[in-house]
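A quick write-up on the structure given underneath.
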Amino acid sequence: MNSNSAERRSGRTTAGWGFLCLTVVLAACTPPGDPRRHATPPANPAAPTTGTSTGGPPCTPSVDTLPAPPAGYRLVGEDVAVPDAPVMSAEDSGETEPAARLFAKWGLIVRAGTVVDLRVAPGWQDRARLGWGGTGTPAAAVTVHACTPEGGQAQWMAFVGGTWVAQAACVPLIVTSNGQNDSVDLGIGVPCDKAATS
């Protein structure tokens, strides 16, 4: 009887260690950009220093600070600027997901101190993806937190990323900031016209 009790305790101890080891391995294998990881993503050492978050999502790593959106960009609402080019070149992305077969790299410009949500328009979830600031895998919706840089001098922050598409198309995006929704069409591999967005 004592032998059976010892065996049961030994079995529970082994199972407990096995569960702990599995948990550690899974945590180590979770990609840094995976939403299941709750730690703040590490900033790029070469990127400008950003202020600390005062609540909400962690600061999105930026690559530059600007006094204003650069030439060749247009405002979407009050807090976001996107390229004004009629067409952005799309190349093979190497992604296995069908909705992310092609990729157009472009920088997103966001007003410092704001949090913006960007998503593909309804009906496009199977055809397009987005991502900026090392947010991980391409997604149908992303949040960019442009923390105010230290010193508070810059008015705008630049983020590297872009748009993935299943095939060249005019992709409609919805930008939400300060409770306001704005829409913008982006020509990914083809110019935008009524036929391309239908």
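The values are calculated or read from the model by the stated rules, or taken from the named source; none is laboratory data. Note that the structure is a prediction, hence the values are computed from the model and not measured. Counting neighbours? That spans all protein chains shown, and the Cβs are built from the backbone with ideal geometry, glycine included. When the accessible area is computed, the model is the full protein with side chains, heavy atoms only, and any ligands, DNA or RNA have been set aside. Shrake-Rupley method; radii C 1.70, N 1.55, O 1.52, S 1.80 Å.
Only one of the numbered conditions (1) open to solvent by less than 60 Å² (accessible area, probe 1.4 Å); (2) in contact (Cβ under 8 Å) with a residue 24 or more places away in the chain; (3) out of contact with any strand residue (DSSP E or B) (no Cβ under 8 Å at 6 or more places or on another chain) is violated by GLY123, and that is (2). Among the residues of region 104-120, which ones are over 19 Å from ASP84 (Cα atoms) and over 12 Å from the mean Cα position of the chain (by Cα)? If the condition is that a residue be over 19 Å from ASP84 (Cα atoms) and over 12 Å from the mean Cα position of the chain (by Cα), then ALA112, GLY113, THR114, VAL115 are the ones that fit.
Among residues of region 43-70 that are among the aliphatic types (A, V, I, L, M) and modelled with pLDDT under 50, those with a Cβ under 7 angstrom from a residue that is open to solvent by 70 Å² or more (accessible area, probe 1.4 Å) and part of a loop (DSSP other than H, G, I, E, B), sequence gap 6+ or separate chain, pair up as ALA47/VAL63. Of all residues in region 152-183, those being of a type in the set (A, V, I, L, M), assigned to a strand (DSSP E or B) and closer than 23 Å to GLU95 by Cβ number 5.
Being closer than 17 Å to VAL171 by Cα, of a type in the set (A, V, I, L, M, F, W, C), open to solvent by 30 Å² or more (accessible area, probe 1.4 Å) and at pLDDT below 95 is a description that applies to ALA85.
Looking at ASN4, is it in a loop (DSSP other than H, G, I, E, B) and at pLDDT below 50?
Numbers: in a loop (DSSP other than H, G, I, E, B): no; at pLDDT below 50: yes.
In short, no.
Only one of the listed residues (GLY77, GLY94) is out of contact with any Leu (no Cβ under 9 Å at 6 or more places or on another chain) and open to solvent by less than 50 Å² (accessible area, probe 1.4 Å). That residue is GLY77.
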